[in-house]
Amino acid sequence: MAVAPQGQTASRYAKFATLRQPFVDRGRECSALTIASLLPPEGQKTSKIATSYQGTGASGVKSLLAKLMLGVFPPNLPFFRYAIDDFAMEELTQRADAKGEVEKVLAKMERAVVVQVETSALRVPLTEALKHLIVVGNVLFYLDPATGKGRAIPLTHYVCRRDPMGNVLEIIVREEIAVILLPEEVQAAIKANGSATDQDDFATTPVFTRIVREAKRWGVTQEAGGQPIPSASGSYPLDQCPWLPLRMVTVDSEDYGRSYVEEHFSDLQSLEKLTKALVQFAAASAKIVFGVKANSTVKARTLAKAESGDFVTGDMEKDITVLQLNKQGDFQVTKATAESIEQRLSYAFLMNSALQRNGERVTAEEIRRLAQELDTGLGGIHSLLAHELQLPLVILLQAGKIRRGELPKLPKGFVKPMVVTGVAALGRGTDLDNLSITANAIAVVPGALARVKGDEWIRRVCASTGVNQDGLIMTDEEVQAQQQQQTMAEMAKAGTPAMAKAMAEGQPPE
């Protein structure tokens, strides 16, 4: 198949790919020490990739990935909240005690967005995206506005440009698409220039998608084989771009980010070399070789054919020797150094084996505090993911549901989604903690709890825990009806002895 001619977008992609190459090379080096198939060497298939000698890197990535996924997207819990200013709430509701009711409605909307994440299988591409961020440091996440499905695009398939503040200015994505899937006029143009033939039904051609930031919108264009695809052109609002170029660690004035693995690259590289030396030493030590003196009465052939328990004539102590390396002492230093590095990496990647100290009696409180201390160290990573992944994802999912009529349109400028990140503040956990602290603080004041509105308190607690209040909390009418039933039951119970006595005496009950 002939080489497809380049258009303007393809030329720009080739230009910016040169600037991207150092980050790709570094990502491949990090991938080789952790998960080699994530970003394989150029031109190599995953089945031919050489694996590393140590598995600490891969185990560390999986451990950190599990904790990040649990912290960023907790299962069946909102990873964000709708925030509304108190003054704005009074302006909208004209009431000062309406916060509980508003929180109830907002919590219901939060759960609707979370259901979309769970039911549309977004966790699979989101997990893949976080894995690329940990190892490579960059990934492009795409959320299809039509289907709501996501996709994680590796660094080797896109380029991007940012301003000095880190704002994205331009993204170009390169994909191999089957020619038969393109519009007919584009197919004809590609076949006319010789880049595809009618006989090759599965011929592919590079398709370049360019996303450019304009004054108030994102402009999208697409070309294949040097031919523009008019039907793929469009635009999106500035806060609803479905292409999200993500970074793990930001560097000022750089278009791409750095990975978490890169920050510990020296330890991983040293552990790889030491582990390789230990493995080779173990293999050499496992090799058994006997030596026989040249003028010995013991023949090597006789010794080789001898079975266990056989007798062999000769001076075995003087004439027979066994090859020994005698390097155990030297390799103890190597082994101790490798174990020290592995321990540091276990702490860095929050592996469970690093949470428990060496000792016979280790309390659960020690492990809990150490885990919290280690997780708190990822606060900066959580903050960046909240800004570049979680918040844009919420806005995209919310916009899709509003467009399909599944969510009411929020008052512009009053209600905004806010991502809550960190170990102690996932979802609405902070509100629940604050409510509990407040209740304990005012409980010491005589009569203070009696002045708290119970219904409002219950509504706020349910909103903070994400529990659906529908059908759970009784209304004022239901409470009044229940009180009347209890009163009537008590009256009937109190009147039963008198009725029984009157009936025993043959008198009509009063």
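The values are calculated or read from the model by the stated rules, or taken from the named source; none is laboratory data. Being a predicted model, the structure only gives us computed values, none of them experimental. Positions of Cβ are generated from backbone atoms using ideal geometry, with glycine treated the same way; all protein chains shown enter the neighbour counts. Accessible surface areas use protein heavy atoms only, side chains included; no ligands, DNA or RNA. Shrake-Rupley method; radii C 1.70, N 1.55, O 1.52, S 1.80 Å.
Are any of the residues in segment 282-292 open to solvent by 80 Å² or more (accessible area, probe 1.4 Å), closer than 23 Å to residue 332 by Cα and in contact with a Leu (Cβ under 9 Å, 6 or more places away or on another chain)? Don't jump to the end; show me each part of the working.
Within segment 282-292, the subset open to solvent by 80 Å² or more (accessible area, probe 1.4 Å) is 287-288, 290.
Narrowing the set further to residues that are closer than 23 Å to residue 332 by Cα leaves 287-288.
Going one step further and asking which of them are in contact with a Leu (Cβ under 9 Å, 6 or more places away or on another chain), we end up with 287-288.
Scanning segment 282-292 turns up at least one residue that is open to solvent by 80 Å² or more (accessible area, probe 1.4 Å), closer than 23 Å to residue 332 by Cα and in contact with a Leu (Cβ under 9 Å, 6 or more places away or on another chain).
Out of all the residues in segment 399-422, which are among the β-branched types (Val, Ile, Thr) and in a strand (DSSP E or B)?
To start, the set of residues in segment 399-422 that are among the β-branched types (Val, Ile, Thr) comprises 402, 415, 419-421.
Residues satisfying the conditions are 415, 419.
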Quickly run through segment 207-248 and pick out the residues that are under 15 Å from residue 181 (Cβ atoms), open to solvent by 30 Å² or more (accessible area, probe 1.4 Å) and part of a strand (DSSP E or B). 222, 227
So which residues in segment 381-415 are surrounded by fewer than 18 Cβ atoms within 10 Å (Cβ to Cβ) and touching a Ser or Thr at 6+ places or on another chain (Cβ under 9 Å)? 383
Residue match in segment 263-280 (condition: open to solvent by 40 Å² or more (accessible area, probe 1.4 Å), under 23 Å from residue 153 (Cα atoms) and not hydrophobic (A, V, I, L, M, F, W, C)): yes
Applying the selection to segment 78-102, what residues are touching a Lys or Arg at 6+ places or on another chain (Cβ under 8 Å) and at pLDDT below 75? 86, 89, 97, 99, 100, 101
